[in-house]
């Protein structure tokens, strides 16, 4: 009888400790820092990205960085500069961007915002691999939301990995690792993100029939940024 009790006690203790340490490991998993992510990817990305930037005529890391996101074309262009003009370094595919042409107006409309934004945070523990948070709603968005009585214009808009979107821009895991790394090296405060419904270098932007009246002003701002950065 005693050996049997000892046997079951041993099984119970073994199961408990297996559960406990598995739980502790699960608690620790995913709790990475930004530096952890950078260190993991540095060896793999540094040389290749330096070549990409130098081939574009910009040293790496550059002084400034701009992402031009095109919703219709499903493309995000990477532009950079040091002392001179802006140079296009590369472009990555947008793997998902929910909604349609037109600005984001409210929480839950699943619209990807349109406008000129900053990055305000890097998340190394995103459910979508890695993510970079935009300052949506920005001053322009808040002004028109207040003027129109829209009390909840939405929030938590990111550029992230994977290929799903409910208002964010997804670029896949490989691309977000590159963008995350570049942004960290440049400095988050030196990055601009311009999101356009389509490429304004091909045709002037125009709103839809149901677009707010201020969309014209918004699109002029976007067109101006594209002109400044890409020179066309």
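The values are calculated or read from the model by the stated rules, or taken from the named source; none is laboratory data. The shown structure was predicted, so the numbers you read here are calculated from the model rather than taken from an experiment. Here Cβ is always computed from backbone atoms with ideal geometry, including for glycine, and neighbour counts include all displayed protein chains.
For the stretch 146-155, does any single residue satisfy the condition of being touching a residue at least 12 places away in the same chain (Cβ under 8 Å) and either within 15 Å of the chain's Cα centre (by Cα) or not assigned by TED's automatic domain parsing to the domain that holds residue 63 (or both)?
Yes: the stretch 146-155 contains one or more residues that are touching a residue at least 12 places away in the same chain (Cβ under 8 Å) and either within 15 Å of the chain's Cα centre (by Cα) or not assigned by TED's automatic domain parsing to the domain that holds residue 63 (or both).
Could you please let me know if residue 209 is surrounded by fewer than 16 Cβ atoms within 10 Å (Cβ to Cβ), assigned by TED's automatic domain parsing to the domain that holds residue 104, under 23 Å from the mean Cα position of the chain (by Cα) and farther than 20 Å from residue 167 by Cβ?
Criteria not met by residue 209.
Could you list, in sequence order, the residues of the stretch 59-77 that are crowded, with 16+ Cβ neighbours inside 10 Å and part of a strand (DSSP E or B)?
64, 65, 66, 67, 68, 69, 70, 76, 77
Please find, among 56, 80, the residue that is modelled with pLDDT of 95 or more, under 23 Å from residue 120 (Cβ atoms), surrounded by 11 or more Cβ atoms within 10 Å (Cβ to Cβ) and within 26 Å of the chain's Cα centre (by Cα).
Being modelled with pLDDT of 95 or more, under 23 Å from residue 120 (Cβ atoms), surrounded by 11 or more Cβ atoms within 10 Å (Cβ to Cβ) and within 26 Å of the chain's Cα centre (by Cα) holds for just one of 56, 80, which is 80.
Name every residue in the stretch 88-106 that is in contact (Cβ under 8 Å) with a residue 24 or more places away in the chain, in contact with a strand residue (DSSP E or B) (Cβ under 6 Å, 6 or more places away or on another chain) and in a strand (DSSP E or B), in order of residue number.
Those that are in contact (Cβ under 8 Å) with a residue 24 or more places away in the chain, in contact with a strand residue (DSSP E or B) (Cβ under 6 Å, 6 or more places away or on another chain) and in a strand (DSSP E or B): 88, 89, 90, 92, 96, 97.
Out of 47, 93, 97, 66, which single residue is modelled with pLDDT of 95 or more and out of contact with any helix residue (DSSP H, G or I) (no Cβ under 8 Å at 6 or more places or on another chain)?
Of 47, 93, 97, 66, the one residue that is modelled with pLDDT of 95 or more and out of contact with any helix residue (DSSP H, G or I) (no Cβ under 8 Å at 6 or more places or on another chain) is 97.
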